[in-house]
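As C-alpha cells, the structure follows; a few thoughts come after it.
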Amino acid sequence: MKIVLASHNQGKMREMRSILASYGVELVLQSELGVNIEVEETGSTFRENALLKAHAVAKATGMPAIADDSGLMVDALNGAPGVYTARYGGEGLTDEERYRLLLSALVGQTNRAAHFYSCIACVFPTGETLTAQGVCDGTIAFAPIGDDGFGYDPIFFVPSLRKTFAQMTDEEKNAVSHRAKAMAAFRNEFEKYCREKNINVNK
C-alpha cells in the first residue's frame with residue numbers, strides 16, 4: 001500500500017519511512033506527488049492538528065494520507081512549547097535558534113523534566129480515520145549534545161540510554177522515541193483496519 005506523508009519535513013520522512021517499511025507500506029512525501037499544501041495548525045491538541053493535515057492531503061491526492069503532530073512539553077514551562085513547538089519563538093527561526101531560546105528560558109531551573117509527545121493520524125479517501133499516540137519521557141540537557149536528528153533532538157536527553165536524541169543511531173531512536181511509540185500503536189490500528197477491509201498491505 002502507498003501512503004502519502006502530509007509533511008515537508010525530511011527528518012520525519014526518514015523516521016516514518018523506516019518504521020513503516022516493515023509493515024509493507026510505501027511512504028511518499030506530498031511534494032513527490034506535486035502537492036504543496038501548508039495546513040494552518042489551528043487545533044488545540046496534537047491530535048486535532050494531525051487530523052487537519054492528514055485530511056487536507058488525503059483530499060488533495062485521493063490517497064490515504066498520514067500526518068504526525070508532535071511537540072515538546074517541558075514541566076518547568078507549564079507544558080510549553082506544546083502544540084507551538086515548531087513555532088516556538090515565532091516564525092523564521094532555525095531549529096538551533098529555537099532550542100537555544102528554550103535553553104535560555106530554563107536558566108536557573110533545576111527541574112529539567114520534559115516529554116516528547118506524538119500523535120499519528122491517517123485519513124483514507126473514504127473519510128475514515130485512524131489515530132494513535134506515543135510519549136517519550138526525558139530531560140532537557142544544559143547544552144546541546146550530538147550532531148544527528150532534527151528539531152530539539154540535541155537538547156532532549158533520555159536517561160535510560162544516557163544520550164540525547166541527536167546522539168542516537170536511527171535504531172536506538174526508533175526503539176524509544178515518541179514517534180516510534182505512536183507508530184507502534186498506529187500499526188495495531190492499521191492492521192486491524194486492513195483485516196476488516198480485507199486489504200493486503202503488501203500490494
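The values are calculated or read from the model by the stated rules, or taken from the named source; none is laboratory data. Everything numeric in this text was worked out from a predicted model, so none of it was measured. In this analysis, Cβ positions are derived from the backbone assuming ideal geometry, glycine residues included, and neighbour counts consider all displayed protein chains. Remember, those area values only see protein heavy atoms, side chains included, never the ligands or the DNA or RNA. Shrake-Rupley method; radii C 1.70, N 1.55, O 1.52, S 1.80 Å.
Some observations on this one:
- Evaluated against (1) surrounded by 17 or more Cβ atoms within 10 Å (Cβ to Cβ); (2) among the hydroxyl-bearing types (Ser, Thr, Tyr); (3) over 17 Å from the mean Cα position of the chain (by Cα), SER160 falls short on exactly one condition, (1).
- PHE142 touching a strand residue (DSSP E or B) at 6+ places or on another chain (Cβ under 6 Å) and at pLDDT 95 or above: no
- ARG179, sole failed condition from (1) at pLDDT 95 or above; (2) touching a strand residue (DSSP E or B) at 6+ places or on another chain (Cβ under 7 Å); (3) among the basic types (Lys, Arg): (1)
- Test: ILE145 is farther than 26 Å from ALA65 by Cβ and open to solvent by less than 40 Å² (accessible area, probe 1.4 Å): no
- The residues on offer are GLU196, GLU189, and the sole one that is in contact (Cβ under 8 Å) with a residue 40 or more places away in the chain, charged (D, E, K, R), in a helix (DSSP H, G or I) and open to solvent by 50 Å² or more (accessible area, probe 1.4 Å) is GLU189.
- Within segment 93-109, if we keep just the residues that are of a type outside the set (A, V, I, L, M) and not in a loop (DSSP other than H, G, I, E, B), the residue that is surrounded by the most Cβ atoms within 10 Å (Cβ to Cβ) turns out to be TYR99.
- The set of residues from segment 13-32 being touching a strand residue (DSSP E or B) at 6+ places or on another chain (Cβ under 6 Å) and either among the aromatic types (Phe, Trp, Tyr) or open to solvent by 30 Å² or more (accessible area, probe 1.4 Å) (or both) comprises ARG17, GLU26.
- Selection count, segment 46-65, where residues are open to solvent by 30 Å² or more (accessible area, probe 1.4 Å), within 17 Å of the chain's Cα centre (by Cα) and under 10 Å from ALA6 (Cβ atoms): 2
- Applying the set (1) aromatic (Phe, Trp, Tyr); (2) open to solvent by 50 Å² or more (accessible area, probe 1.4 Å); (3) at pLDDT below 90 to TYR84 leaves exactly one unmet item: (3).
- Restricting attention to segment 110-139 and to residues that are modelled with pLDDT of 95 or more and outside any strand (DSSP E or B), the residue that is least open to solvent (accessible area, probe 1.4 Å) turns out to be ARG112.
- THR42 meets each of the listed conditions (1) at pLDDT 95 or above; (2) open to solvent by 50 Å² or more (accessible area, probe 1.4 Å); (3) not acidic (Asp, Glu) apart from (1).
- Check on ARG162, out of contact with any His (no Cβ under 9 Å at 6 or more places or on another chain), on the phi > 0 side of the Ramachandran plot and of a type outside the set (Ser, Thr, Tyr): yes
- Whichever residue in segment 1-45 is of a type in the set (Ser, Thr, Tyr) and farther than 16 Å from CYS119 by Cα and, among such residues, is nearest to the chain's Cα centre (by Cα): SER18
- For segment 11-37, a tally of residues being in contact (Cβ under 8 Å) with a residue 60 or more places away in the chain and on the phi < 0 side of the Ramachandran plot returns 10.
- Filtered residues of segment 40-86 (kept if part of a helix (DSSP H, G or I) and among the hydroxyl-bearing types (Ser, Thr, Tyr)): THR61, TYR84, THR85
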